[in-house]
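**Student:** Have a look at the structure that comes next, please.
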Amino acid sequence: MALGCKIDLKTNRKILSLENLEVKIIGLRCAHPCQKIVLTTGVFDLVHPGHLDYFDKARSFGDVLIVSVVDDEFVDKGPGRPIFDQNLRLSWLAALEVIDYVVLNGDFGPWKVMKAIKPDVYVKGYNLSLGLVQDISLMRDLNGQTVLIPEIMHSTEIFEKIRQLADKQKTP
């Protein structure tokens, strides 16, 4: 079970349902037709410097950065993950200035979000998988661009290092 708690980071205006995000994007496109919408997606179980670098790079490809957060139900990172529940993950991402909107992705892949908002650019870390191939194909169908960027660190590696340190503490 993921850890979570009720906190008020005053970020509710940036956390939108998919339906409300779709309406918001339509409004943005009408008001500012030249703005580029950028989408990225992930679990973001523990926000760390690698994520901050990633979001900054993603933002550089457009004007509005949307982060789709994987629903707890669909996180496939191993036992005990996510560590933090989806509401907490949504809140702390929405608190970041570089991110304009955050949406919960209530599906296995990002395709429902992609189809709803039709981003101009989809940014993903370079990790070739069947899912990424599907992402690229859908973005092509939506007349969008996929940009793969290197990631400088991963939450999974950080959690593993913490486990190793804890194990060393246990052994005399």
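**Student:** Between their Cα atoms, which of Lys36/Lys118; Lys24/Lys112; Lys57/Lys115; Lys77/Lys170; Lys14/Lys77; Lys57/Lys112 are more than 20 Å away from each other?
**Tutor:** Lys57/Lys115; Lys77/Lys170; Lys14/Lys77; Lys57/Lys112
**Student:** When only DSSP loop residues count, what chymotrypsin sites (Phe, Trp or Tyr not before Pro) in segment 61-158 have their Cβ near at most 15 other Cβ atoms within 10 Å? Working shown, then result.
**Tutor:** Values: sites: Phe61, Phe74, Phe84, Trp92, Tyr101, Phe108, Trp111, Tyr122, Tyr126; in loops: Phe61, Phe108, Tyr126.
Those satisfying the criteria are Phe108, Tyr126.
**Student:** Right, another one. If each residue of separation counts as 0.36 nm, what is the full-extension length gain between Gln35 and Thr146 once their alpha-carbon separation is subtracted? Write down the numbers at each step before the final one.
**Tutor:** On the way: separation 111, 0.36 × 111 = 39.96 nm, distance 1.67 nm.
Gain on extension, Gln35 to Thr146, equals 38.3 nm.
**Student:** Across segment 132-145, in residue order, what do the Karplus-derived ³J(HN,Hα) couplings come to in whole Hz, using 6.51 cos²θ - 1.76 cosθ + 1.60 with θ = phi - 60° and x for Gly and Pro?
**Tutor:** Running phi through 6.51 cos²θ - 1.76 cosθ + 1.60 with θ = phi - 60° gives 5, 4, 5, 4, 4, 4, 5, 4, 4, 4, 8, 6, x, 10 Hz.
**Student:** Same structure, new question: What order do you get for Arg29, Arg89 when you list them from fewest to most C-beta neighbours inside 10 Å? Write out the running numbers ahead of the final one.
**Tutor:** Details: Arg29 16, Arg89 28.
Listed from fewest to most nearby Cβ atoms, that is Arg29, Arg89.
No lab work stands behind these numbers, since they all come straight from the coordinates. Worth saying up front: this structure is predicted, and the values here are computed from it rather than measured. Here Cβ is always computed from backbone atoms with ideal geometry, including for glycine, and neighbour counts include all displayed protein chains.
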